[in-house]
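Asks: Have a look at this one.
FYI, it's all coordinate maths here, none of it is from the lab. What you see is a predicted model, and the numbers here were worked out from it, not measured in a lab. All Cβ positions, glycine included, derive from the backbone under ideal geometry; neighbour counts span all protein chains shown.
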Amino acid sequence: MGAACSSPGTSTTGGPATNGAALGVPRGGNLVVSVRNEPRSFSRLAARETTTDLLSNLTQAKLVRINKVTLEVEPALAESWIRSDDGRRYTLKLRPGVVFSDGQPFTSADVVFTFKAVYDEKTGSSLADSLQANGKRLRVTAIDPLTVEIAFADPFAAGVRLLDNLPILPRHKLEAALDAGKLGEAWNLSTPPSEIVGLGPFVLSAYIPGQRLVFDRNPRYFRKAPDGSALPYLDRLTIEIIPDQSAELLRLEAGQIDMTHSEILPEAYAPLKRAADAGRIKLVDLGVGLDANSLWFNLKPGAFAGDPRAAWLQRDELRQAISLAVDRQLMADTVYLGAAAPVFGPITPANKTWYWAGLPKTPHDIEAAKRKLAAIGLTDRTGDGTLEDARGRPAQFTLLTRTGRPDLERGAAVIRDEMKKIGVVVNVVTLEAGALVDRFANTGKYEAVYYSPIASDTDPALNPDFWFSFGSAHLWNMAQKMPATDWERRIDELMAKQIASPDESERKKLFDEVQQVFVEHEPVVYFAAPRVYVAVSSRVTNLTPAISRPQTLWEPDTLAVNK
Amino acid sequence: MVPYIARRLIFAVFLVFAVSSSSLILARLAGGDYVTESLGIEAHAATVEQARARYGLDKSMGAQYRDWLGRVVRLDLGRSLLYDRPVSDLIPERAANTAILAFTALLFATLIGLPLGVVAGSRRRGPGGAGDVIPGVIRATSLILLSMPPLLTSLFLIFVAARTGWMPIAGMRSPGEPATGLTLDLLRHLIVPAGALALPLAAMFERLQAQAMAEAIGAPFVLATLARGVPRSRVVWRDALKASLRPIAAVYGIVIGTLLSGSFVVEVITAWPGLGRLMLDALRARDVFLVAGCAGAGSIFLALGSLLSDAALALVDPRVAEP
């Protein structure tokens, strides 16, 4: 027998319960949200960026969703599911009576169609890569109109959590495009909004290029409020496209928009605090975030062939020296104006399930850093304060970071100054985002990078591309055919077990060990995780902000405004 | 005259071709491409290669340029990778918004700069230092505005808008307002971006006009008209003004071209959905075809403006059209 993994929501009206929505929540009104970029498509399958994701969240629904506050998996279109004893198969019971925004019924055929669409090579969707377990695709079968079975090739502990990525598409609208091999182009920005059909809380009613997207309430939406009344509370949600953050924040202060889509930058905190004290906006401190700034070196074997620095650039001791030399508290105070916490590994305290409090914390110790460098032959041979190798060549490297991100530019400057104290010269070079990613992800022409990568999910099983040596996001040496080092091999072994184990405590123990091995070798050195602040206008109510993105809009159906 | 205009036209075509070609090549040469930028680092190698092949980015730069050129001669500017729409559809809708902004700014600048220039140029201080303080105030204000780039003027106006609430801070139209047509809401939204572009321009017009007016006021025909007892204001605003318009007429075309092709910063800061913002988005996303299209459109505006200026100059001074 399998194990029941979830139960339906408590609503008596057919929809799942919402996250603490209170009675007496105002209905109607228009909530105005700002984003920085245009959408690239009306289809999440065709594009992957913030505004398209948001558009998909508003107009489409998923089988299950991750509650961004509790980080737990909750029912959505699937009201319950059962895992088989071998951990490979999940049988999902779909919610009955659910219809698309055009009135067509939702059935298991739509689920099967969506998987087919995502995996279709002609669609070329990047979702196909994230909808895999251990590098293998899922197999989906419709058992009956309201039951689907999802099979994993291997036991996969994260299970249906993987499905939070997947918006369910209407087969009746898109099947012809898929059959014609043109699903990748379907629902592009020229498509009339009335053609965009979904199961989400809103329907797209207008797109004015360069200006805004307007969404109206979907009267056929399936989720219900705790009192059994229909959701969403809002009649309309407008997304204003404002490319400049200063203008965005001024408009928020002036009451011309109700909230920004993303968290605010540390430097915006002080002026917004004044506006909050004056009662014009609400400023919410969500605590330390999930993502930290970090530095890594190019550890691809042979990357520095012919370079005399090859003897020390890829050594563990260099990264350990950096970790010892950089004062993390100084980094938090300088880069994030005090609104950050020092971190020592890839998992920050915000990730309550997988954070390991026992992880060794590297102290700020200049002398220990110098000893590490001496161990790889870098000492001050000329007495000028700069370290040299055995042949008298100065210890220096180039650190790439992204331009246009003040936090990264300030952080790189702190690293440069801190390394100067131990005699290592760091040349900071800022590059535009695309060029930077191209350097470390494609060409491999870099020495070190300082950046703030974003994890796909809080569950490590859903970030395999970072942890496994063959992963495409294994930053320091991507897509290896065989693990280049023993410790990477060890992490591969531990992660393979961690991903397969059905026992959550066993998974935690295994992942603690992964973090231990990781921090011993520090392929990526982490410094500080900024606190996350969001600002909303004082008329927004029933807000359940979360630490992970999109902080204020992960549950758009329960948002409301006071008129 | 006709051969002169024909020569300028050929040069304009060459300019548009050179600018759009070099934009495409430079955007392609820069590190990264649309696929890297859009799929992110977590995409698997096979997905990335597949996407490159789909967009034709797996070809050599020479082959890509040949393909693009082959399409351009058939007036097909390609398909935007970013928006999955034909570039030739995207550019006109954004260029129209830029044109609204540019012509409003030009109107503001002319209505402010020209009269102030006439006043400043016609009321010069007397030999003993006595005279009107107004020209001094105008000159000082113009110098301040001339030294402020549109970036600063737009930030200043946004600040004023935010503090006073008198006008919208950014955007082109309010939610719920008609998406097309000339409305009061559109005019209110124009104040900040058009003001940001117009103020430095008005200062430039004022300086040019004041100089030209000062020269015209001292011209023999003006002195003779004044000596005949014609009221000074009539002489200034009718005869001297007409005679002093040449410098502004000469730069007007270029200013139009520059406004249409170069209001990028103001468009980004004030969220004006124009050509500049489109080009910035295209550059960020490495959408090479859209970059080339936007650059080409910008250079067309610049070439037309320059052509207009040349034609106007040739009309008022036939010597410039001589070979």
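Asks: For the range B:54-118, count all C-alpha to C-alpha pairs, find those more than 17 Å apart, and express that count as a whole percent of the total.
Replies: Everything past 17 Å amounts to 62 percent.
Asks: How far, in degrees from 0 to 90, does helix A:486-500 lean away from the longest principal axis of the Cα atoms of chain A, to the nearest 10?
Replies: 20
Asks: Right, another one. Dividing the Cα convex hull volume of the range B:124-270 by residue count, how many Å³ per residue is that?
Replies: Expressed per residue, the convex hull around the Cα atoms of the range B:124-270 is 157 Å³.
Asks: Now for a different question. Which three extents, in angstrom, do the Cα atoms of the range A:262-302 have along their principal axes, listed largest first?
Replies: 59, 16, 14
Asks: 5 Å is the cut-off here: which amide hydrogens, built 1.01 Å from N in the peptide plane, fall below it relative to A:ALA341, excluding neighbours closer than 5 in sequence?
Replies: A:ALA529, A:ARG531
Asks: Ok, one more. With the alpha-carbon atoms as the only input, what is the per residue convex hull volume for the range B:35-165 in Å³?
Replies: Value for the range B:35-165: 239 Å³ per residue.
Asks: If you rank A:MET478, A:MET495 by fewest surrounding Cβ atoms within 10 Å, what's the result?
Replies: Starting with the residue having the fewest Cβ neighbours, the order is A:MET478, A:MET495.
Asks: Give me the angle, in degrees from 0 to 90, between the Cα long axis of helix A:406-421 and the longest principal axis of the Cα atoms of chain A, rounded to the nearest 10.
Replies: 20
Asks: A further question on this structure: Please rank B:ASP132, A:ASP244, fewest neighbouring Cβ atoms within 10 Å first, as an exposure proxy.
Replies: Going from least to most buried by this count: B:ASP132, A:ASP244.
Asks: For the pairs A:LYS352/A:LYS509; A:LYS173/A:LYS563; A:LYS352/A:LYS563; A:LYS62/A:LYS352; A:LYS68/A:LYS182, note any where the Cα-Cα span goes beyond 26 Å.
Replies: Going by Cα-Cα distance, A:LYS173/A:LYS563; A:LYS352/A:LYS563; A:LYS68/A:LYS182 fall outside the 26 Å limit.
Asks: In addition: Could you tell me what fraction of 2.2 N^0.38 Å the Cα radius of gyration of the range A:134-218 comes to, as a two-decimal ratio?
Replies: Scaled against compact globular proteins, the figure is 1.39.
Asks: Sticking with the crude label model, points 7 Å out along Cα→Cβ, report the distance from A:GLU506 to A:ARG220 in nm, one decimal please.
Replies: In this crude label model, A:GLU506 to A:ARG220 measures out at 4.5 nm.
Asks: For chain B, with a Gaussian network of springs between Cα atoms less than 10 Å apart, report the residue from B:GLY78, B:GLY298, B:GLY32 with the top mean-square fluctuation.
Replies: B:GLY32
Asks: Continuing with the same structure: Taking every DSSP beta bridge that has both residues in the range A:369-502, what percent is antiparallel when rounded to the nearest 5?
Replies: Antiparallel: roughly 20 percent of the beta bridges in the range A:369-502.
Asks: Follow-up question, since we're still on this one. Would you mind ranking A:TRP476, B:TRP237 so that the residue whose beta carbon has the fewest other beta carbons within 10 Å leads the list? Mind showing how you got there, number by number?
Replies: Values: A:TRP476 20, B:TRP237 15.
Ascending Cβ contact count within 10 Å gives the list B:TRP237, A:TRP476.
Asks: With both partners inside the protein assembly as shown, how many of the DSSP beta bridges are antiparallel, as a percent to the nearest 5?
Replies: Antiparallel: roughly 75 percent of the beta bridges in the protein assembly as shown.
Asks: Could you grab the Rg to Rh ratio for the range A:289-414? Cα atoms only, Kirkwood for Rh.
Replies: 0.99
Asks: Modelling each spin label as a point 7 Å along the Cα-to-Cβ direction, I'd like the A:ALA305/A:ILE82 distance in nm, to one decimal.
Replies: 5.7
Asks: Based on the mean of other Cβ atoms within 10 Å per residue, sort peptides A:35-42, B:62-69, B:194-201, A:295-302 so the most packed one is first.
Replies: Result, highest mean first: B:194-201, A:35-42, A:295-302, B:62-69.
Asks: How about the range A:407-462: which trypsin sites (Lys or Arg not before Pro) there are in a DSSP loop, with at most 12 other Cβ atoms within 10 Å of their Cβ?
Replies: The qualifying sites are A:LYS445.
Asks: Separate question: Using only C-alpha atoms and all pairs of different ones, pull out the Kirkwood radius for chain B in Å with one decimal.
Replies: 22.5
Asks: Along the three principal axes, how long is the range A:359-510 when you take its alpha carbons, biggest first, rounded to the nearest angstrom?
Replies: 58, 35, 29
Asks: Report the charge-dipole magnitude of the range A:494-563 in Debye, nearest 20, computed about the Cα centre from +1 at each Lys and Arg Cβ and -1 at each Asp and Glu Cβ. Provide the component values of the computation, followed by the final result.
Replies: Details: 8 positive and 9 negative charges, 100 e Å.
With only Lys, Arg, Asp and Glu charged at Cβ, the dipole is about 480 debye.
Asks: Given just the C-alpha atoms of the range A:444-557, how large is their convex hull per residue in cubic angstrom?
Replies: Hull volume normalised by residue count: 159 Å³.
Asks: Over chain B, what relative contact order in percent results from Cα pairs under 8 Å that are six or more residues apart?
Replies: Details: 426 pairs, mean separation 97.6, N = 323.
Relative contact order of chain B: 30 percent.
Asks: How high is the relative contact order of the range A:43-153, in percent, counting Cα pairs under 8 Å that sit 6 or more residues apart?
Replies: Averaging sequence separation for qualifying contacts and normalising by length gives 24 percent for the range A:43-153.
Asks: Provide the three semi-axes, in whole Å and in decreasing order, of the ellipsoid equivalent to the range B:210-261 as defined by the square roots of 5 times the Cα gyration tensor eigenvalues.
Replies: Square roots of five times the eigenvalues give 29, 9, 7 Å.
Asks: When you look at the Cβ of every residue in B:270-276, what mean number of other chain Cβ atoms sits within 10 Å?
Replies: What the average comes to for B:270-276 is 4.
Asks: When the expected Rg is taken as 2.2 N^0.38 Å, what fraction or multiple of it is the alpha-carbon Rg of chain A? Don't jump to the answer; show the numbers that get you there.
Replies: Working: Rg = 24.9 Å, N = 563, 2.2 N^0.38 = 24.4 Å.
Normalised by 2.2 N^0.38 Å, the Cα Rg of chain A equals 1.02.
Asks: Something else: Take the Cα coordinates of the range B:218-307, assign each an equal point scatterer, and use the Debye formula without solvent to give log10 I(q)/I(0) at q = 0.21, 0.25 Å⁻¹.
Replies: -0.94, -1.12
Asks: Averaged over peptide A:238-246, how many Cβ atoms belonging to another chain are found within 10 Å of each residue's Cβ?
Replies: 6
Asks: Once you keep just the Cα pairs under 8 angstrom separated by 6 or more residues, what percentage relative contact order results for chain A?
Replies: 19
Asks: Given A:PRO201, A:LEU169, A:SER130, which one lies farthest toward the positive end of the charge dipole of the range A:130-229, if we put +1 on the Cβ of every Lys and Arg and -1 on the Cβ of every Asp and Glu?
Replies: It is A:PRO201.
Asks: Here's a follow-up. Over all residues in A:199-210, what is the mean tally of Cβ atoms on other chains that come within 10 Å of each residue's Cβ?
Replies: 3
Asks: On to the next question. What number results when the radius of gyration of the range A:205-303, computed over Cα atoms, is divided by 2.2 N^0.38 Å?
Replies: Here the answer is 1.56, to two decimals.
Asks: For A:ASP277 and A:LYS361, FRET efficiency with R0 = 35 Å and r from the beta-carbon atoms, rounded to 0.05?
Replies: So, using R0 = 35 Å, E works out to roughly 0.45.
Asks: Something else: Can you give the helix-only mean residue ellipticity at 222 nm for chain B, where every DSSP H stretch with n ≥ 4 adds -39500 (n - 2.57) and the sum goes over all residues, rounded to the nearest 500 deg cm²/dmol?
Replies: The helix contribution divided over chain B gives -23500 deg cm²/dmol.
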